[in-house]
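Undergrad: Following this message is one structure expressed as structure tokens.
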Amino acid sequence: MSGTFLGMPAFPEAAREAVRDDVLRANLRHATHTIRDKRARAVAELADWDRLRAAGKAVKDHTLRHLDRYLLQLEAAVTAAGGTVHWAADADEANRIVTELVLATGEREVVKVKSMATQEIGLNEALEAAGIAAYETDLAELIVQLGHDRPSHILVPAIHRNRAEIRDIFRTEMGRWGRPAPEPLGDDPRELAEAARLHLREKFLRAKVGVSGANFMVAETGTMVVLESEGNGRMCLTLPETLISVVGVEKVVPAFRDLEIFLQTLPRSSTAERMNPYTTMWTGTTEGDGPAAFHLVLLDNGRTDTLADEVGRQALRCIRCSACLNVCPVYERAGGHAYGSVYPGPIGAILSPQLRGTGSEIDASLPYASTLCGACYEVCPVAIDIPEVLVHLRERVVQGGRVTREGIRVRIRPAHGHTAERAAMRAARLLLDHPAALRAGGRLLARARRLRPRRLPGPGRAWTDTRELPAVPAESFRDWWAREREDNR
């Protein structure tokens, strides 16, 4: 996976810098609280929400267990409908395929509807290196692109920007990319939206090639499904002569009827809407209607390696609703950039280290970017137990062990800097395996409780910098229990 933001430090350092930005924290606090409150009201309207959640989980788990069969069925259905399917094992192969497809049309620019998969593989940079300009058309993605910025949220990539900042970006940058912003331009949302509409309209009408992602792919019919709120997706998916969709292999669902579940849960969990404003579906090509050529690039890029992990594979259920980000106290304070990936927040903390591995400093730190409060699991519409996977990945970081990389089982070494943690865990295991030693140690601590330090030495100092060391009781629970039983006889 090539989606690491170059030069990013590990999460603790990046987060420490982010929390000092008062404007960023205010923007995030306002946006996440607004979205999650609206979502809670929308979800509460459905009496069968828990059943929908369980059904979505069941469909995703079934599909992942039989992914090979459904992907082949999807390929056959897309091909029969007039499309062409390409298989990409990694980011480099996907970028090469898309670049060659665009160059074959003779065009040198493309319009894009929001696709996290293309951000994951760095497609825009690959196209630019080949002399092809890629224009983002989602409003938030446009803000990020014009601002030479990075996305910080799954649903609202420019959530870290306020209206005044967006106005300034439009004023200074729009003219360099196409139609300039109208003068004078204020920070009223309607003015900003109109400026973006005018800027993008000329690109929609001129572009001959569109690049998209997909929220779902239906194996039985070969149908692609895109959900969006602005209408830009509809323009990208219908006006160009050639359409190229880059989609992760985990986005497939078996049957058209399965969409009934996700078309209820995704809008309510993401934008807190009962029904998605723009749901676009297409199957292959149709003469005289829409693009004349359709190419589907099925992206692996670490997904089948993730599938081999019995605990971690549940991350592939994700439908990119972003509900977990909006309830996460860590994300609210640190923001999305600190995660060093296109996938921020709790889902990014478990997905990125699996797709990319835990070899880098930032990926080894991501499983620790959580309080394990469980709020992310409670709101997930497909019941991904994110805390369980976080603990699983922390064990991998500290202990190393056997994982699957590029389809091969290999043993990875523990990440650097966890020697003291491993030693402490081994000592704890040794102590817990010997009840007599545990009992003696407890009594010794009780007798020496007046000598308890206020701060721990060495690596433990970081823990006691923000917490008080708990008081040692006068006796252990075992001793208390034995005494109580004796006194009550």
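Undergrad: For the chain, calculate the relative contact order in percent as a whole number, restricting contacts to Cα pairs under 8 Å that are 6 or more residues apart.
TA: Result for the chain is 19 percent.
Undergrad: How would segment 362-445 be classified by its alpha-carbon gyration tensor: rounded, prolate or oblate, with rounded meaning a/c under 1.5 and the a/b versus b/c comparison settling the rest?
TA: Taking the square roots of the gyration eigenvalues as a ≥ b ≥ c, segment 362-445 is oblate.
Undergrad: Give the cysteines in the chain for which no other Cys Cβ lies under 4.7 Å away, or write none if there are none.
TA: Cys236, Cys318, Cys321, Cys328, Cys373, Cys380
Undergrad: Output the 0 to 90 degree angle, nearest 10, between the alpha-carbon long axis of helix 49-65 and the longest principal axis computed from the alpha carbons of the chain.
TA: 80
Undergrad: With just the Cα atoms defining each centre, how far is segment 262-303 from segment 57-133? Give it in Å.
TA: 13
Undergrad: Sticking with this one: Going highest first, how would you order 175-183, 219-227, 23-31, 157-165 by mean Cβ packing within 10 Å?
TA: Answer by packing, highest mean first, reads 219-227, 157-165, 23-31, 175-183.
Undergrad: Give me the distance between the Cα centres of segment 160-232 and segment 28-49, rounded to whole Å.
TA: Between the Cα centres of segment 160-232 and segment 28-49 lies a distance of 25 Å.
Undergrad: Karplus couplings for segment 154-170 from phi (6.51 cos²θ - 1.76 cosθ + 1.60, θ = phi - 60°), rounded to Hz, Gly and Pro as x?
TA: Taking θ as phi minus 60°, the curve returns 5, 8, 10, x, 9, 4, 7, 9, 9, 5, 5, 5, 5, 4, 5, 5, 4 Hz for segment 154-170.
Undergrad: Can you give me the relative contact order of segment 323-459 as a percent, contacts being Cα pairs under 8 Å and 6 or more apart?
TA: Across segment 323-459, relative contact order equals 16 percent.
Undergrad: How do 99-106, 319-326, 477-484, 202-209 rank on mean C-beta neighbours within 10 Å, highest first?
TA: Averaged packing, sorted descending, gives the order 319-326, 202-209, 99-106, 477-484.
Undergrad: Add -39500 (n - 2.57) for each DSSP H run of 4 or more in the chain, then divide by its residues: what number comes out at 222 nm, to the nearest 500 deg cm²/dmol?
TA: Result for the chain, helices only: -15000 deg cm²/dmol.
Undergrad: So what J values fall out for segment 191-204 if you push phi through Karplus, 6.51 cos²θ - 1.76 cosθ + 1.60 with θ = phi - 60°, rounded to Hz, Gly and Pro as x?
TA: In residue order, the calculated couplings are 5, 5, 5, 5, 4, 5, 4, 5, 5, 7, 4, 5, 6, 4 Hz.
Undergrad: How much length is gained if the chain between Arg409 and Asp149 is pulled fully straight, taking 0.36 nm per residue apart and subtracting their Cα-Cα distance, in nm to one decimal?
TA: Gain in length upon complete extension: 89.9 nm.
Undergrad: Calculate, for segment 262-372, the solvent-accessible area per residue in square angstrom, rolling a 1.4 angstrom probe over the heavy atoms of the protein chains.
TA: Accessible area per residue, segment 262-372: 30 Å².
Undergrad: For Thr223, list long-range residues whose amide hydrogen, built 1.01 Å from N in the peptide plane, is under 5 Å from its own amide hydrogen.
TA: When sequence neighbours closer than 5 places are left aside, the close amide H contacts are Val218.
Undergrad: Starting from the 7 Å offset along Cα-to-Cβ, what nm value, one decimal, do you get for the label separation of Asp48 and Arg447?
TA: In this crude label model, Asp48 to Arg447 measures out at 6.6 nm.
Undergrad: To test your reading of the geometry: what angle, between 0 and 90 degrees and rounded to tens, separates the Cα axis of helix 67-80 from the longest principal axis of the chain?
TA: Value to nearest ten degrees: 10.
Undergrad: Could I ask something else about it? Quick check: pseudo-label points 7 Å beyond the Cα along Cα→Cβ at Leu198 and Asp479, how many nm apart are they?
TA: Taking the two extended label points, one gets 8.0 nm.
Undergrad: Residues with amide H under 5 Å of Glu109's amide H, sequence separation 5 or more or different chain, H placed in the peptide plane at 1.01 Å from N; which?
TA: The list, which skips near neighbours in sequence, is Ala133.
Undergrad: If R0 is 56 Å, what FRET efficiency do you get for Ala40 and Ala436 from their C-beta distance, rounded to 0.05?
TA: 0.65
Undergrad: Next question. When only C-alpha pairs under 8 Å and at least 6 residues apart count, what is the relative contact order of segment 184-237, in percent?
TA: It rounds to 25 percent for segment 184-237.
Undergrad: Could you sort 368-378, 387-397, 47-57 so that the peptide with the highest average Cβ count within 10 Å comes first and the rest follow in order?
TA: Put in order of decreasing packing, that is 387-397, 368-378, 47-57.
Undergrad: In addition: Expressed as a whole percentage, what fraction of the accessible surface of the chain belongs to carbon and sulfur atoms when a 1.4 Å probe is rolled over the protein heavy atoms?
TA: Carbon plus sulfur share of accessible area: 53 percent.
Undergrad: I've got another one for you. For segment 169-211, what is the accessible area per residue in Å², given a 1.4 Å probe and the full set of protein chains?
TA: In whole numbers, segment 169-211 has 54 Å² accessible per residue.
Undergrad: Through the Karplus equation 6.51 cos²θ - 1.76 cosθ + 1.60, θ set to phi - 60°, convert the phi angles of segment 382-397 into ³J(HN,Hα) values in whole Hz; use x for Gly and Pro.
TA: 10, 6, 6, 7, 4, x, 4, 5, 4, 5, 4, 6, 4, 4, 5, 4
Undergrad: OK, next. List the residues, sorted by chain then number, that are 5 or more residues from Lys114 or on another chain and whose placed amide H is less than 5 Å from its amide H.
TA: Thr137, Asp138
Undergrad: Compute the helix-to-body angle for 91-105: its Cα long axis versus the longest principal axis of the chain, expressed 0 to 90° and rounded to tens.
TA: In the chain, helix 91-105 runs at an angle near 10 degrees to the longest axis.
The values are calculated or read from the model by the stated rules, or taken from the named source; none is laboratory data. Since the structure is predicted, the reported quantities are computational estimates derived from the model, not experimental observations. Cβ coordinates were reconstructed from backbone atoms using ideal geometry, including for glycine residues, and neighbour counts include every protein chain displayed. Protein only, heavy atoms only, side chains kept; ligands, DNA and RNA dropped before computing areas. Shrake-Rupley method; radii C 1.70, N 1.55, O 1.52, S 1.80 Å.
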